[in-house]
Amino acid sequence: MSPAQEQTPAVTDAQAFKDAMALLAAPVSVVTALDAAGRRWGFTASSVSSVSLDPPLLMVGIALTSSCHTAMAQAGQFVVNLLGEHHRPIAQRFATSGVDRFAAGDFGAWEGDAALPYLPDAKVLLRCRTVDVIRAGDHDLLLGTPQQIRIRDESAPPLLWYQRAFHTPVPAGATV
C-alpha cells in the first residue's frame, strides 16, 4: 500500500464521489479499435488523459462492464477521436448500448496495415499503439503511445462532459 493510500480514508459514500466527479469537466472522445477478427469497436470516453511527455503516453479508462472492454483491452492499437461541438449525436450514439455504433457511415478506415476506424472530421486524431493495460478498480486503463497525430481544427469548440451532460464552452467575454 502506498503512503497516500494509508493516509487517505476510503470514500464511503459512492454517490458523493459520483456527484463530485460530475463537476470535473472533461473533453469527450470516441475511442475506436479493431478486434482480432477485424470487427470495429468504439465507445464514448471522457476519461482520456496525457500521462507522460517522454515517452509520449496517454491513458484511456474503460469500464470492465463495457461491451467494448474485451476488444479494446486486447487490441494492439486504438484511435482517440477528440470530438467537437457538432459531434454530439456521435457521442450519444457511441454511449448507447445495443446499437450499431458504426451504422451511420461517418467513420473511415485509417490507411495502412491496420484499417482502424476513425472520424475524419474529429478535432484531433491520435492513433496509438497499446503499451499496457492496467486494472484500476472497476476500470482498465489502456496506456498508448501515439504513432500518428492529426490536428484538424484548433479553433472549433470542443465537446465537454460536465454535470452528466454534453456541453460546449463559451469563450471568455462572449455573450450567450
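Please treat every number below as a calculation from the coordinates, not as lab data. Please read these numbers as outputs of a predicted model, since none were measured by experiment. Note that each Cβ is placed from the backbone with ideal geometry, even for glycine, and that neighbours are counted across all protein chains shown.
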Expected sort for 164, 93, 129 with the fewest Cβ neighbours (10 Å cutoff) up front is 164, 129, 93
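Could you give the alpha-carbon Rg of the chain over 2.2 N^0.38 Å, rounded to two decimals?
Numbers: Rg = 16.9 Å, N = 176, 2.2 N^0.38 = 15.7 Å.
In units of the globular-protein estimate, the chain measures up at 1.08.
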For residue 47, other-chain or 5+-apart residues with amide H closer than 5 Å (H placed, Pro excluded) are 61
Spelling it out for residue 152: with amide H atoms placed in the peptide plane at 1.01 Å from N, the residues 5 or more places away or on another chain with amide H under 5 Å from its amide H are 124, 125
Please arrange 167, 86 by counting, for each residue, the other beta carbons lying within 10 Å of its beta carbon, fewest first. 86, 167
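Kindly put 30, 99 in sequence by how many other C-beta atoms sit within 10 Å of each C-beta, fewest to most. It would help to have the intermediate numbers written out before the result.
On the way: 30 25, 99 10.
With the fewest neighbours first, 30, 99 line up as 99, 30.
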